[in-house]
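All of the numbers you see were taken from the coordinates with simple rules; none came from a lab. Here the structure is a predicted model, which means the values were calculated and not measured. For neighbour counting, all protein chains shown are included, and Cβ atoms are generated from backbone atoms with ideal geometry for every residue, glycine included.
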Amino acid sequence: MSFGRFALKRSLQGIGVVWGVITVVFALRFVTPGSPINAVAPLDASQETRAAIAAELGLDQPLYVQYGQYVFNLLQGDMGRSYIKGQEVTTLVFERLPATVELAVAASVVALVLAIPLGVVSATNRNESVDYGATLLSLGGISTPNFWLGIMLILIFAVEFDVFNTSGRGVNVGDVALSLTNAEPFVGTLFAWLAYITLPAIALGTYFMALITRLTRSGMLDELSKGYVQAARAKGLPRTLIRYKHALRNTLIPVITVLGLQLGTLIGGAVITEAVFSWPGLGTLVIESINQRDWPALQGSLIVIGTSFVLVNILVDVVYAYLDPEVVND
Amino acid sequence: MPTDNDDHVDRRTVLKYAGTAGAVGLAGCAGGDGEGGDGDAFELGVTMGQMDSGLDPQDHAETNTEIIVGQSYEGLLDRDKEGGIIAGLADDWERTDDGNVRFMLRDGLTFHNGDEVTPEDVRFSIRRIVFDDVGIVSPQSNDLGVVDEVTTGDGEVTVSFEGYNPIAFQLFATNGEIVQQSWVEENGGDYINRNVNGTGPFRITEYDSGNEGVYEPFEDYWDGEPAVGELTMSASSESSTRVNQLLAEETDIVTNVPPNEVSRVNDSDVARINSVPSARVIFLQMRYDVEPFSSQQFRQALNHAVDIESIIENVLNGFGSVTAQPTLEEHVGYNPDIDPYPYDPDEAERLVEESGHAGVEITLETPIGRYLRDVDIAQAAADQIDSLSNVSCGLEQREFSSLVQDITAPDIEDRPHFNLLGWGNGEFDGSQTLTPLLSSNGALTVLKNDEMDGLLTDAEATEDPDERVDILREANQLAHDLAPWVFMHQQFSVYGVSDDISWDPRTDEFIDPDTATQQ
């Protein structure tokens, strides 16, 4: 199979997955107790008012009509209007998506910047104090619930020492970029952005960091014990060349796979971190939508999350295939 | 928030000297530095648990949205902090000889876009709320009574009802925000839900749906431009995050401080707790038509079995007051002669025996996280009932939307037998609790009693206010005796407030930053 056909096949599979997400999420509304009318109408609304609201929202239509209408509108890029907010879902979702992506990427950067050096150092200093320290750190990272870590980070670094903001997203990465082109001082804007993003990125990235550290350590140990490394040593290649050009490169292949999967998870799974830090991302919108049974907003959010997940995985597959051409033939 | 007298160098100081005034402004540090304003103008931040559900003032039915849109929209009448009726856009009002109500508009009122407020705008606004064929199906359609028609005159508006409406002014003091007809008709729903054009003290300059709204004072406000130079309303669903924001001086007012965080706020040197009895009553509903709750003795027994004073003290840290009737003390129709059921497990056990339901097993259903410490309160009540020797009581926690689906079921037979519920009465009139919750045709009723129905019907038709109060008091006495609820408590609104400002909370749960002053 050619590389192009491989990429096309993965893309078609992705479309199928997204369609599945749309259908499953749509079906969920009919098996979930509760109704959006309860979030729209006051508790003492008459049955007539409830019926009128249901008709206005289109909830009085048969299921197949609602589904058909939804898919038809979706194909035209229209995700409908939020039952609760009365606003266009497309706008609501794409207002929130940048915040979630920004947080997910920042968390990944925090994780990778720490994890790969830690994993390498740990593997190359096996059973030494630095290895034990890195192992302890990664075990702590895996075991610590991120909501607890988030609250502790806020208490220590925002409330007690006033180094970072407690919550919110007052300055975003776009503001930092814009400050390069306008009168806003770049350094100040950068620091202001860091004041907001650092704590949630650490809280969200810690588990990921621990995971990648363990993966890198075990991968490096595995690679360093292989024959080609011994051959390279026998040829007299420098130790750093063997470690960082040969062993680390091969170690990074599974790390990239996990990175892709985790980035998708971070986009969809930052709900708790977003709540603790009042980070205005998709996770918060998903929770609000579930609580209020705001099906259009929930469906729109999950479709975007699902699509992001699929896209990231397709990208990882393609990169993986590029790094290891045998994957295409498999 | 830091002042010029602070001698430590903190992050905001560093950022300021790094030249980030603009960036910090972007950051929405509404707590601000208390600097840079003109004269007495200052920045104020308010952080709630949740933001609005859209900015259309007539297309929502919940408190958070009312707080967000209520900074920009107003009604004909208003309320003071204690719930008393005061003038709003109407500076005079009267009941006409034929029982209608007439409102005289202030002179020179303008919307935020500079256009004059006309009686036609008022007529359109009221009709948009109550009639389904004027743009939207408003969830507030019952909030102004059964309106027949709205007519306009020179600077005045007259509202007629189907029958006599004894609480018309109470209803208009709480509901009925005024929008501009042409602005609404020219713009679609999405636009109206993302922008404001009211008459209120603030207008929105930045709006991030679900996250934050930034307001500036409306310079032509009829009651004078507010002292707050910039207002930021934002949301943090986590109560600990809201408290941390307050203690880190990033905001000035936070809502719903949980009892376990109260001492952390009070012990700080930057903020304090302000609380006020709210217009919300918490109770345990019991359905009249199913055993064992069909027995009046059994229902009274449960009232004796629950030690509400202990629950208020231990679960709510004192932020609540015991109730003995559906109507709260601040509301029209409250009966001051009714005492709460005393906590008396022996009497409870005796009444259970008398009811013939000894040995019965019951389950209390409670929403999760809807009311202040609702699950803990329900757990404590269920445990106390379960400790009776002749009743077993379990607890079922339910997600609110799911529980409401059952509570509002058209047929009473589909409703829960025994559940915790809270009811906010923003109209400050007892009938607005008794009718929906305890009349036979009430949307949430658990009771069918001819005497109660007769009293409530009389209250609806009585034109003499004093006589009406007597009727409502009698209805409250009847409700106490019939005990369709385990009468629990009046919920308090608990706010964390920065020491940099002076602000008193309101009974009706609305937040009025225009009354805050810097100190």
Extension length gain for A:Leu136 and A:Ala51 (0.36 nm per residue less Cα distance), in nm, is 24.7 nm
Inter-chain shielding of B:173-179 (mean C-beta neighbours from other protein chains, 10 Å cut-off): 0
Divide by every residue of chain A the summed helix terms, -39500 (n - 2.57) for each DSSP H run of at least 4, and state the resulting mean residue ellipticity at 222 nm, rounded to the nearest 500 deg cm²/dmol. -24500 deg cm²/dmol
Range in chain A, longest, excluding exposed trypsin sites (Lys or Arg not before Pro) [loop by DSSP; at most 16 other beta-carbon atoms within 10 Å]: A:1-125
Across peptide B:132-143, what mean number of C-beta atoms from other chains lies inside 10 Å of a residue's C-beta? 5
Between A:Ile256 and A:Leu8, the two model label points (7 Å from Cα along the beta-carbon direction) sit apart by a distance in nm of 2.3
Ratio to report: Rg/Rh of the protein assembly as shown, with Cα atoms as the point set and Rh obtained by the Kirkwood method; give two decimals. 1.01
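Please arrange A:Leu75, A:Leu302 by counting, for each residue, the other beta carbons lying within 10 Å of its beta carbon, fewest first. Please report the intermediate quantities before stating the final value.
Details: A:Leu75 8, A:Leu302 21.
Fewest-to-most Cβ neighbours within 10 Å comes out as A:Leu75, A:Leu302.
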For A:Lys245, the lysines lying under 26 Å Cα to Cα, once residues fewer than eight places off in the same chain are dropped, come out as A:Lys226, A:Lys235
Mind running the shape call on the stretch B:189-230? Use the C-alpha gyration tensor, a ≥ b ≥ c as the square roots of the eigenvalues: rounded below 1.5 for a/c, prolate if a/b tops b/c, oblate otherwise. oblate
Per Stokes-Einstein, at 25 °C and 0.890 mPa s, what whole-number D in µm² s⁻¹ belongs to the stretch B:57-121, with the Kirkwood radius over Cα pairs as the hydrodynamic radius? 180
By how many degrees, between 0 and 90 and to the nearest 10, does the Cα long axis of helix A:63-75 differ from the longest principal axis of chain A? 60
Dimensionless Rg ratio for chain B, taking C-alpha atoms and the 2.2 N^0.38 Å reference: 1.03
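Would you tell me the mean number of C-beta atoms belonging to other protein chains that fall within 10 Å of each C-beta in A:287-295, as a whole number?
Working: counts 1, 6, 1, 2, 6, 5, 3, 1, 0.
Counting other chains' Cβ atoms within 10 Å and averaging over A:287-295 gives 3.
Where Lys and Arg each count +1 and Asp and Glu each count -1, what net charge lies around A:Leu92 among other residues with Cβ under 14 Å from its Cβ? Write out the running numbers ahead of the final one.
Values: positive: A:Arg81, A:Lys85, A:Arg96, B:Arg194; negative: A:Asp78, A:Glu88, A:Glu95, A:Glu288, A:Asp294, B:Asp52, B:Asp190, B:Asp208.
Here the count lands on -4.
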I need the helices of chain B that pass two filters: whole DSSP H segments spanning 27 Å or more by Cα along the axis, and mean Kyte-Doolittle score no lower than -0.5. none
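Given contacts defined as C-alpha pairs under 8 Å and at least six residues apart, what's the relative contact order of the stretch B:251-341, whole-number percent? Working shown, then result.
Values: 51 pairs, mean separation 19.6, N = 91.
Relative CO of the stretch B:251-341 lands at 22 percent.
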Computed label-point distance, nm, for sites B:Asn195 and A:Gln61 using a 7 Å Cα→Cβ extension: 2.8
Looking at the P(r) of the stretch B:159-209, how many percent of alpha-carbon pairs lie beyond 19 Å? 48
Principal axis extents for the stretch B:474-519, Cα atoms only, whole Å, descending order, please. 50, 18, 12
Given C-alpha coordinates of the stretch B:381-519, what is the ratio Rg to Rh with the Kirkwood estimate of Rh? 1.06
Loop-resident sites, the stretch A:93-172, for GluC sites (Glu not before Pro), counting at most 12 other Cβ within 10 Å (DSSP): A:Glu128
Pairwise centroid distance, computed over Cα atoms, of the stretch B:173-187 with the stretch A:229-252, Å: 73
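Looking at the stretch B:163-262, which GluC sites (Glu not before Pro) are DSSP coil and have at most 13 other C-beta atoms within 10 Å of their C-beta?
In loop regions of the stretch B:163-262 (DSSP not H, G, I, E or B), the sparsely surrounded GluC sites (Glu not before Pro) are B:Glu219.
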GluC sites (Glu not before Pro) restricted to the stretch B:311-420 and DSSP loop, no more than 14 other C-beta within 10 Å: B:Glu329
Checked the stretch B:278-492 with the C-alpha gyration tensor, a ≥ b ≥ c its square-rooted eigenvalues, rounded below a/c of 1.5, otherwise prolate if a/b is larger than b/c and oblate if not; verdict rounded
